[in-house]
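Notes follow the structure.
The values are calculated or read from the model by the stated rules, or taken from the named source; none is laboratory data. These numbers come from a predicted model, not from an experiment. A quick note on method: Cβ atoms are made from the backbone with ideal geometry, for glycine too, and the neighbour counts reach across all protein chains shown.
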Amino acid sequence: MTIPNRWGLPDLGLGMGLRTVHYQHILEHWPSIDWFEIISENYIDTEGRPIWYLDQIAERYPIVMHGVSMSIGSTDPIDVPFLKKLKALAERVNAVWLGDHVCWTGVAGINGHDLYPVPYNEESLRHMVDRIRIAQDILERPLVLENPSTYLTFRSSTISEPEFIARMAEESDCALLLDVNNVYVTCRNHDLDPNEYLEGFPYDRVVQIHLAGHTDKGTHCIDTHDDHVIDEVWELYRRVMAEAGNRATLLEWDDKIPQFEVVHDEVRKAERFRQAATASEEAGHGI
Ligand SMILES: [Fe+2]
């Protein structure tokens, strides 16, 4: 079965996060990867080497922008100059879409350089929806927002995370990035069932999938992006591909980054699940 996304945004295939340690390899080999995702902030307010590399890579590969400091859940005013810089970068590299996370990253003008969770209740939902609408008006495109990895819950939360995200997306008309590793990490940390989490997830708004490795500390998991994807996360990915149809899929590897080919081989493991979804589609039934 394929549930098309509401905007007709393309299935880009299998991509990798663009990281500085791989710049030279990419320019020397032009590897057969389908697309790259960039951390938007790394290419804003710079005319140095990062943007020099990015301009060349963007000529050959589709680019998706993924940010870490929009702070859409914050109580600070919307940072309009920042959004305009994002928009300019998106135009420069012809970004297929751009997004950030369901989180806040700073307050009182201070960037905490981390992804902080928001309480899930009616008040925070209204707050997020209003801000997403404003951001989308400025950016003139749908925001693609990612479910976070979380390590705590709020007493003031009255709505489950997947319900909050579904309502937030519906009411703001934003797109979603479904990070299946984050689903696993969050569910482990809060003793939830990841399959229940995915029950009813609004796949018609999902335009991208993230895969990643994490660190299992026994009592909890940390979203470290420093290892291979574990089998349980691959199984969640298989389920999503089977239920939603193929989606642009990106592997995040951000710490202890190995050689390009190691990361590339890891994301190519996704092919077997994507082909399975495609074969099922052609046969006219789900798997
Ligand atoms: Fe992610």
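Numerical summary
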item: Meets criteria (within 16 Å of the ligand (Cβ to nearest atom), under 21 Å from residue 130 (Cβ atoms), at pLDDT 95 or above and touching a strand residue (DSSP E or B) at 6+ places or on another chain (Cβ under 6 Å)) for residue 175; result: yes
item: Identity of the residue in segment 166-195, charged (D, E, K, R) and assigned to a loop (DSSP other than H, G, I, E, B), that ends up surrounded by the most Cβ atoms within 10 Å (Cβ to Cβ); result: 173
item: Failed item, numbered, when residue 254 is tested on (1) modelled with pLDDT under 95; (2) away from the ligand (no atom under 16 Å from the Cβ); (3) surrounded by fewer than 17 Cβ atoms within 10 Å (Cβ to Cβ); result: (2)
item: Qualifying positions in segment 150-172 - in contact with a Leu (Cβ under 8 Å, 6 or more places away or on another chain) and within 14 Å of the ligand (Cβ to nearest atom); result: 165
item: Filter result for the condition that a residue is surrounded by 22 or more Cβ atoms within 10 Å (Cβ to Cβ), farther than 30 Å from residue 121 by Cα and of a type in the set (A, V, I, L, M, F, W, C), over 57, 33, 38; result: 38
item: Test result for residue 72, within 16 Å of the ligand (Cβ to nearest atom) and either of a type outside the set (Phe, Trp, Tyr) or not in a helix (DSSP H, G or I) (or both); result: yes
item: Boolean, residue 224 is under 21 Å from residue 72 (Cβ atoms), touching a Ser or Thr at 6+ places or on another chain (Cβ under 7 Å), within 13 Å of the ligand (Cβ to nearest atom) and assigned to a loop (DSSP other than H, G, I, E, B); result: no
item: Segment 214-245: number of residues that are closer than 18 Å to residue 18 by Cα and under 14 Å from the mean Cα position of the chain (by Cα); result: 1
item: Only listed residue being more than 16 Å from the ligand (Cβ to nearest atom) and at pLDDT 95 or above, chosen from 243, 235, 282, 271; result: 235
item: Subset of segment 75-88 (residues that are surrounded by fewer than 22 Cβ atoms within 10 Å (Cβ to Cβ) and in contact with a strand residue (DSSP E or B) (Cβ under 8 Å, 6 or more places away or on another chain)); result: 75, 76
item: Residue in segment 196-215 that is part of a helix (DSSP H, G or I), under 27 Å from residue 40 (Cβ atoms), within 16 Å of the ligand (Cβ to nearest atom) and among the hydrophobic types (A, V, I, L, M, F, W, C) present; result: no
item: Scan of segment 34-53 for residues that are of a type in the set (A, V, I, L, M, F, W, C) and within 17 Å of residue 254 (Cβ to Cβ), ordered by number; result: 36, 38, 39
item: Options 125, 145, 115: the member that is farther than 28 Å from residue 216 by Cα and not in a loop (DSSP other than H, G, I, E, B); result: 125
